[in-house]
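Notes to accompany the following structure.
The values are calculated or read from the model by the stated rules, or taken from the named source; none is laboratory data. Remember, predicted model here, so these are calculated numbers, not experimental data. For neighbour counting, all protein chains shown are included, and Cβ atoms are generated from backbone atoms with ideal geometry for every residue, glycine included.
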Amino acid sequence: MRFCLHVWLIVTLLIASAAAATKPHVITFGKWTNIKWFVGKDESKDLSLRMRALYVDGHLKEFILDIPHEVTDRLLVARRVFRVNDVLPEESSAVPRWRWQRGGWLLVDRVTGHITQINLPEFDAYYSLANWYRDYVAYCGVSDDGKKLYTIVAQLGRRKPILKKPLGEATASDPPDSECPAPAWQRQPARVTFEWKENQRSTYAIRGRAVDLVNDNEEAEEASK
């Protein structure tokens, strides 16, 4: 009798722990708030950004910008925004001087509740303007020294980009997102188009983990169908 009771207790605990482990977490967002983001080389200009809080099970985890991109019914990605203390070392005893900064992208898992930063190759938080489609993201990347510009297509779960092509010298101008507009996606077939200068554009076809350059004749044939 005592043995049966022990077995029953073990089974009950295993079932309870399994149910707890698979219980989805609750991802919610706060109200929209306007914040100031200071830009330019001397940060003399301010731009208004819309920000809101991201909560997991009612606990504040991050602040994000704009509308998240739903990758699957389980995963979403969102652009991060955070505060930094702008006080100088000789002002260390002063009250913190908080300033908002735009960051990279976060991956949010609704089932586990985990939030992780996505490592996007050559992504520049100031100049790169990303556009998502499914689990792909396209943007103009900037080299570490800020001198070279690239077309980048990356895929979640892969360390290296599936597309990285040099575009020439980066302009490093004052306005954010100024290296090139957000790349434009289309489906069936999946393609992405980059425009980085007037009358300079390239279209790439995405086939799984392969990327092919689409020439003008192929685009004309697709348009005539």
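Things worth noting here:
- Annotation: Q101 fulfils all but one of (1) surrounded by 11 or more Cβ atoms within 10 Å (Cβ to Cβ); (2) polar (S, T, N, Q); (3) free of Cβ contacts under 8 Å to residues at least 24 places away in the same chain; the unmet one is (3).
- Within the range 68-126, considering residues that are more than 19 Å from R158 (Cα to Cα) and of a type in the set (A, V, I, L, M), the one farthest from the chain's Cα centre (by Cα): A94
- Residue in the range 117-140 that is touching a helix residue (DSSP H, G or I) at 6+ places or on another chain (Cβ under 9 Å) and either outside the structural domain of P183 (by TED's automatic domain parsing) or in a loop (DSSP other than H, G, I, E, B) (or both) present: no
- Any hit, the range 65-79, residues being out of contact with any Leu (no Cβ under 6 Å at 6 or more places or on another chain), assigned to a strand (DSSP E or B), modelled with pLDDT of 95 or more and farther than 22 Å from N131 by Cα: no
- In the range 193-206, the residues that are on the phi < 0 side of the Ramachandran plot and free of Cβ contacts under 8 Å to residues at least 12 places away in the same chain reach residues that are part of a loop (DSSP other than H, G, I, E, B) and of a type outside the set (S, T, N, Q) with C-beta atoms within less than 7 angstrom, at least six apart or across chains, in these pairs: T193/P183.
- Subset of the range 173-195 [among the charged types (D, E, K, R), surrounded by 15 or more Cβ atoms within 10 Å (Cβ to Cβ) and touching a Lys or Arg at 6+ places or on another chain (Cβ under 8 Å)]: E195
- Top-ranked residue of the range 150-184 - restricted to ones that are without any contact (Cβ under 8 Å) to a residue 40 or more places away in the chain and not in a loop (DSSP other than H, G, I, E, B), ranked as farthest from I206 (Cα to Cα): E169
- Filtered residues of the range 127-154 (kept if closer than 21 Å to A172 by Cα and surrounded by fewer than 16 Cβ atoms within 10 Å (Cβ to Cβ)): N131, S143, D144, D145, G146, K147, K148
- Pick from the range 29-64, criterion among the β-branched types (V, I, T) and surrounded by 13 or more Cβ atoms within 10 Å (Cβ to Cβ), ranking: modelled with the lowest pLDDT: V39
- Scope the range 110-129; condition in contact (Cβ under 8 Å) with a residue 40 or more places away in the chain and touching a Lys or Arg at 6+ places or on another chain (Cβ under 8 Å); matching residues: R110, V111, I115, N119, P121, E122, Y126
- Filter result for V7 (of a type outside the set (D, E, K, R), on the phi < 0 side of the Ramachandran plot, modelled with pLDDT under 95 and not assigned by TED's automatic domain parsing to the domain that holds G104): yes
- Some residue of the range 110-126 being more than 24 Å from W185 (Cβ to Cβ), surrounded by fewer than 15 Cβ atoms within 10 Å (Cβ to Cβ) and of a type in the set (A, V, I, L, M, F, W, C): yes
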